[in-house]
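**Q** Dropping the structure in here first, questions after.
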Amino acid sequence: MPRVVVDVMLKPEILDPQGQAVANALPRLGVSDVASVRIGKRIEIEFVGGGEGESAGLHLDSAREIVDKLLVNPVIEEYTIRVEK
Amino acid sequence: MTTRIGVVTFPGSLDDGDAARAARRAGAEPVPLWHAERKLHGVDAVVLPGGFSYGDYLRCGAIARFAPVMEVVSLAAQDGMPVLGICNGFQILCEAHLLPGALTRNSHLHFRCRDQLLRIESATTAWTNDLTVGQEILVPVKNGEGRYVADRRTLDELEAQGRVVARYIRGNPNGSQRDIAAISNEAGNVVGVMPHPEHAVEELTGPSTDGLSFFTSLLKYLTGAPA
């Protein structure tokens, strides 16, 4: 089944308190050389039908529409998208 | 004729009951609106209440924005119908692009629930014309993702156009940029507020009755009485 993978991250200028909380916990693990942690999410979208050639492109277009309309808020987030073989 | 205020219930809404009650106490007739219906039942205004619509999955308000009722609410809002989004409702209005910016995780990561002082910054919107600029009101705030963010240009534009409706004073509960607690659209009919005016409408249950003014403002706005 063709799968499109989307990685979503908060924009660099948007504060990521979750990442900061994790970074602040690292010294408790004895790790002291981490400058920063930022947390995003990975979304996998599976399509029905073939994933070769032209249809892969269609799936990608369709996935982009899903991403732009729903999965990502461009005010605070950015993303990368790819078809996984 | 009694003003009819629609109160939307999404799966996961919590404060629809209080919003309806606030509408009633202000002298309006609350009308329940169901998220799955593309119908406004002839209401004069709409409240999107607080809660955790669709479990706050993906991002707060992101899925609610595509609820069938939101299609008609968005169209009506663009036509000038007064819409008030409270807490989760504010998040939905931002996700629906009816208001700019976004609400993100509180900077300290804690859910904040307390009584909060606000300073009213705009008394020209449909929902605040019964208040005065500079007036301080006390209403509950309760959110985990209430930190208002927008790019600098948007923030400057909001300030310049008088669209910052209320600011947090004596402590910012969530790290909102420029202490923003409430904003409006350009026309002033759509307002998003993070704290909860609907929880401050009577002495017995609220820290004040200041929140009632949001609802009496609407009545004043709709009856055309001079603000």
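**Q** Could you tell me which residue out of B:Tyr168, B:Leu118, B:Ser107 lies farthest along the dipole of chain B toward its positive end? Charges go on the beta carbon: Lys and Arg +1, Asp and Glu -1, centred on the Cα centre.
**A** B:Ser107
**Q** If neighbour count is taken as other Cβ atoms inside 10 Å, put A:Leu29, B:Leu109, B:Leu48 in order from fewest to most.
**A** Starting with the residue having the fewest Cβ neighbours, the order is A:Leu29, B:Leu109, B:Leu48.
**Q** Just how large is the dipole of chain B about the Cα centre, in debye to the nearest 20, putting +1 at every Lys and Arg Cβ and -1 at every Asp and Glu Cβ?
**A** It works out to roughly 320 debye.
**Q** Shape of region A:3-84 from its Cα gyration tensor (a ≥ b ≥ c, root eigenvalues): rounded if a/c is under 1.5, otherwise prolate when a/b > b/c, or oblate?
**A** Cα axes put region A:3-84 in the prolate bin.
**Q** Same structure again: Just how large is the dipole of the protein assembly as shown about the Cα centre, in debye to the nearest 20, putting +1 at every Lys and Arg Cβ and -1 at every Asp and Glu Cβ?
**A** 500 debye
**Q** Based on the alpha-carbon gyration tensor of region B:138-227 and its eigenvalue square roots a ≥ b ≥ c, which shape applies: rounded if a/c is under 1.5, prolate if not and a/b is larger than b/c, or oblate?
**A** It comes out oblate by the Cα gyration axes.
**Q** A follow-up question, please. Taking +1 at the Cβ of each Lys and Arg and -1 at the Cβ of each Asp and Glu, which of B:Pro195, B:Thr2, B:Gly55 sits farthest along the dipole of chain B towards its positive end, judged by Cα position relative to the Cα centre?
**A** The listed residue farthest towards the positive side: B:Gly55.
**Q** Let me ask another. Under a Cβ-Cβ cut-off of 13 Å, what is the net charge of the residues other than B:Thr2 that fall near it, where Lys and Arg count +1 and Asp and Glu count -1?
**A** 0
**Q** Another question, if that's okay. Rounded to the nearest 0.05, what FRET efficiency do A:Glu54 and A:Asp7 give with R0 = 35 Å and r taken as the Cβ-Cβ distance? Could you check?
**A** FRET efficiency, A:Glu54 to A:Asp7: 0.90.
**Q** For chain A, find the longest principal axis of its Cα atoms and tell me its angle to the long axis of helix A:53-66, 0 to 90°, nearest 10.
**A** 50 degrees
**Q** If you place +1 on the Cβ of every Lys and Arg, -1 on the Cβ of every Asp and Glu, and leave all else neutral, what size is the dipole of region B:155-204 about its Cα centre, to the nearest 20 Debye?
**A** So the dipole magnitude of region B:155-204 works out to roughly 160 debye.
**Q** Sorting B:Ser107, B:Ser53 on the 10 Å Cβ count, fewest up front, what's the list?
**A** Fewest-to-most Cβ neighbours within 10 Å comes out as B:Ser107, B:Ser53.
**Q** Defining a contact as two alpha carbons under 8 Å apart and six or more residues distant in sequence, what relative contact order in percent does chain A show?
**A** In percent, rounded to a whole number, it is 53.
**Q** Another question about this same structure. Run lengths n ≥ 4 of DSSP H only: what is the helix-derived mean residue ellipticity at 222 nm for chain A, with -39500 (n - 2.57) per run over all residues, to the nearest 500?
**A** -8500 deg cm²/dmol
**Q** Compare the Cα positions of A:Pro12, A:Leu58, A:Ala25 along the charge dipole of region A:3-84 (+1 at Cβ of Lys, Arg; -1 at Cβ of Asp, Glu; about the Cα centre) and return the one farthest towards the positive end.
**A** A:Ala25
**Q** Fewest to most neighbouring Cβ within 10 Å: what's the order for B:Asp16, A:Asp33?
**A** By the 10 Å Cβ count, ascending: A:Asp33, B:Asp16.
**Q** Same structure, new question: What is the distance, in nm, between label points placed 7 Å from the Cα along the Cα-to-Cβ direction at A:Ser32 and at B:Arg38?
**A** If labels sit at A:Ser32 and B:Arg38, their model points lie 6.3 nm apart.
**Q** Something else about it: Each residue of region B:193-204 in order: what ³J(HN,Hα) in whole Hz does its phi give by Karplus 6.51 cos²θ - 1.76 cosθ + 1.60, θ = phi - 60°, with x for Gly and Pro?
**A** For region B:193-204, the Karplus-derived couplings read 10, 6, x, 10, x, 5, 8, 10, 10, 7, 4, 4 Hz, x marking Gly and Pro.
**Q** Using Cα pairs under 8 angstrom and six or more residues apart, how large is the relative contact order of chain B, in percent?
**A** Normalised by residue count, the contact order of chain B is 20 percent.
**Q** Report the gain in length on full extension from B:Thr2 to B:Gln161: 0.36 nm times residue separation, minus Cα-Cα distance, nm rounded to one decimal.
**A** 54.0 nm
Read-outs throughout are calculated quantities, based only on the coordinates presented, and are distinct from any laboratory measurement. What you are looking at is a predicted structure, and each value in this text was computed from that prediction instead of being measured. In this analysis, Cβ positions are derived from the backbone assuming ideal geometry, glycine residues included, and neighbour counts consider all displayed protein chains.
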